[in-house]
C-alpha cells in the first residue's frame with residue numbers, strides 16, 4: 001500500500017512539473033500593431049503650448065528645457081532616487097506587530113503529573129486551558145543592529161540622489177548644447193535653402209535653353225557640351241549644399257518634442273551677441289572643469305557610498321541587541337490574569353561574521369582602488385576635453401574672421417559681375433556662376449557663425465558650467481517666461497569665457 005502511494009505521488013509530481021514548464025511566448029502581430037499605434041498616437045499628440053509666432057533663439061531653448069523627453073526622463077529618475085531615499089528612512093522605525101490567534105480542539109488538554117522523587121503519579125487529571133481560545137498580542141520591537149545597517153544604507157541612497165542630480169545637470173547641459181548647435185543649423189537652412197532653390201531654377205532654365213539650341217544646331221556641339229558641363233557641375237554643387245541643410249529643422253523639432261507634422265519658423269530678431277574669446281587661461285579652465293563637471297562631482301558621492309559600505313561591514317561584525325515590549329490578552333478563563341504586559345531584552349552574535357569581515361574589507365578596499373584609478377582616468381579625459389574644446393573654439397573664431405573677409409570679397413566680385421552682365425560683357429551662365437559662389441560664401445559665413453556658437457556652447461558644457469542652473473523652476477514657468485529669463489541671464493552665463501569685445505555680425 002505504501003509503495004503504491006509513493007508511485008502515485010511520483011506521477012502527480014511529474015505531471016505538475018510538466019505542466020509548469022515554460023515556453024517562449026513570441027508577441028503576436030496584433031500586439032506589435034497595438035504598440036505601434038500607441039506610440040504613433042503619443043508622437044502625434046501635442047501637450048505643449050501652441051506655436052503662434054516665429055521662434056526666437058531663446059524661445060527654442062525654453063521649449064527644449066520644458067518639453068524635451070530626455071530631460072524629463074532624467075528628472076523622473078532623480079525623483080525616483082529621492083523617493084527611494086525617503087522610503088529607506090522608514091527602516092529606522094521599530095517594528096509594531098499585531099496578531100490574533102484562535103485555537104480549538106475536540107477535547108480538553110488534560111494531563112497528570114509524576115513525582116521525580118517518589119515516582120508516584122497523581123490520579124486526578126487536570127487542565128489549565130479551555131477547548132476554544134482566542135488570544136491577541138501587540139508587540140513592539142527594535143533591532144539595534146538593523147537600525148545601524150539601515151542608517152548606513154540610507155546614507156548610501158542619499159548619495160545616490162546627489163549622483164542623480166549631477167546626472168540631471170549633465171543631461172540638461174548636453175541638451176542645451178545640442179539645441180544651440182541645431183538651432184543655428186536650422187536657421188542656416190531657413191536662410192539659405194530658398195536662395196539655393198532660386199539659383200537651381202535658373203540653372204534648370206538655362207539647361208533647357210541649351211537643349212533647344214543643341215536641337216536646332218545653332219552652336220558648336222563641343223562648345224555647347226562644355227557649357228552644359230559647367231552648368232551641371234553647378235547644379236551638382238547646389239544639390240550637395242541642399243543635402244547639407246536638409247533635416248536640421250526636423251532635428252530641432254524633435255529636441256522641442258514637436259510632432260513631425262508641426263510647422264514652425266525661426267525668428268532672426270534678438271539673436272544672442274557673439275563675443276571674442278580672449279584672455280582664456282587653459283589651466284584655469286581645467287581646474288574649473290575638475291571642480292564643476294557633473295562626472296567629477298559624482299566621484300565624491302561614490303566615494304561616500306563605498307565608505308558607508310565599509311562601515312556597514314564593521315556593523316555586521318557587532319552583536320545584535322533587540323528590545324521588545326508586548327501586550328497580550330487571552331479568552332482562557334483558567335488564567336488568573338487574562339491580559340498582561342511583557343518586556344524583554346535579547347542579544348545574539350553571529351561569530352562567523354568576524355571571520356568574514358577581513359575578506360569583505362579587502363573586497364571594499366579593492367573597490368576603492370578601482371574607483372581611484374577610474375577617477376584619475378576621468379580627470380585626464382576631462383583635461384583633454386577642455387584642451388580640445390578650447391582649441392576648437394579659438395580655431396572657429398579665427399576661421400570666422402577669414403570667412404568674413406572672403407564673403408565680403410565675393411560680394412564685391414558679384415557686384416562687378418552683375419555690372420558686366422548688364423553691360424553685355426559676360427553671359428548669364430557666368431553671372432550664375434558668380435551668384436552661386438556668393439551663395440556658397442554666404443553659406444560658409446553663416447556656417448562659421450553657427451560653428452563658433454556651437455564650439456562656445458561645447459566649451460561651456462565641457463568645463464561644467466551650467467547653461468541654465470535654475471532647473472527647479474522649469475516646470476513652474478511658461479515658455480515665454482522661461483525665454484525672458486534666458487534672455488536676461490544668457491550673457492552672464494558666458495562671462496567666464498570672454499570679455500566685452502563684440503564680434504562683427
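The values are calculated or read from the model by the stated rules, or taken from the named source; none is laboratory data. Predicted model, so just to flag it, every value in this text is computed and none were measured. Because the Cβ atoms are built from the backbone with ideal geometry, glycine has one as well, and the counts that use them run over all protein chains shown.
Just the residues that are modelled with pLDDT of 80 or more, farther than 18 Å from residue 183 by Cα and outside any loop (DSSP other than H, G, I, E, B), please, taken from region 450-505.
Residues satisfying the conditions are 462, 481, 485.
Quick check: is even one residue across region 42-49 in contact with a strand residue (DSSP E or B) (Cβ under 9 Å, 6 or more places away or on another chain) and either modelled with pLDDT of 80 or more or more than 17 Å from residue 176 (Cβ to Cβ) (or both)? Walk me through it before giving the result.
The first filter runs over region 42-49 and keeps only residues in contact with a strand residue (DSSP E or B) (Cβ under 9 Å, 6 or more places away or on another chain), leaving none.
Checking region 42-49: not a single residue is in contact with a strand residue (DSSP E or B) (Cβ under 9 Å, 6 or more places away or on another chain) and either modelled with pLDDT of 80 or more or more than 17 Å from residue 176 (Cβ to Cβ) (or both).
Is there any pair linking a residue in region 271-283 that is more than 16 Å from residue 392 (Cβ to Cβ) to one that is surrounded by 15 or more Cβ atoms within 10 Å (Cβ to Cβ), with Cβ under 6 Å and at least six apart or on different chains, and which?
The qualifying pairs are 271/57; 272/57; 272/490; 275/498.
Pick out the one residue from 195, 237, 226 that is farther than 25 Å from residue 444 by Cα and either modelled with pLDDT of 85 or more or over 33 Å from the mean Cα position of the chain (by Cα) (or both).
None of the others qualify; the one that does is 226.
Of everything in region 132-165 that's farther than 28 Å from residue 321 by Cα and surrounded by fewer than 16 Cβ atoms within 10 Å (Cβ to Cβ), which residue is nearest to the chain's Cα centre (by Cα)?
The extreme case among them is 134.
Please find, among 301, 288, the residue that is part of a helix (DSSP H, G or I), within 30 Å of residue 388 (Cα to Cα) and in contact with a helix residue (DSSP H, G or I) (Cβ under 7 Å, 6 or more places away or on another chain).
Details: 288 fails: in contact with a helix residue (DSSP H, G or I) (Cβ under 7 Å, 6 or more places away or on another chain).
Going through 301, 288 in turn, the sole match is 301.
Among the residues of region 59-107, what is the count of those that are touching a residue at least 24 places away in the same chain (Cβ under 8 Å), over 30 Å from residue 267 (Cβ atoms) and not in a helix (DSSP H, G or I)?
Total meeting the criteria: 14.
Take region 235-267 and flag every residue that is under 29 Å from residue 437 (Cα atoms), assigned to a loop (DSSP other than H, G, I, E, B) and in contact with a strand residue (DSSP E or B) (Cβ under 8 Å, 6 or more places away or on another chain).
Hits for region 235-267 are 265, 267.
Looking only at region 421-448, which residues are assigned to a helix (DSSP H, G or I), in contact with a helix residue (DSSP H, G or I) (Cβ under 8 Å, 6 or more places away or on another chain) and surrounded by fewer than 16 Cβ atoms within 10 Å (Cβ to Cβ)?
428, 430
With 400, 390, 366, 378 as the choices, which residue is more than 22 Å from residue 292 (Cα to Cα), modelled with pLDDT of 90 or more and either under 34 Å from the mean Cα position of the chain (by Cα) or outside any helix (DSSP H, G or I) (or both)?
On inspection, the qualifying residue turns out to be 366.
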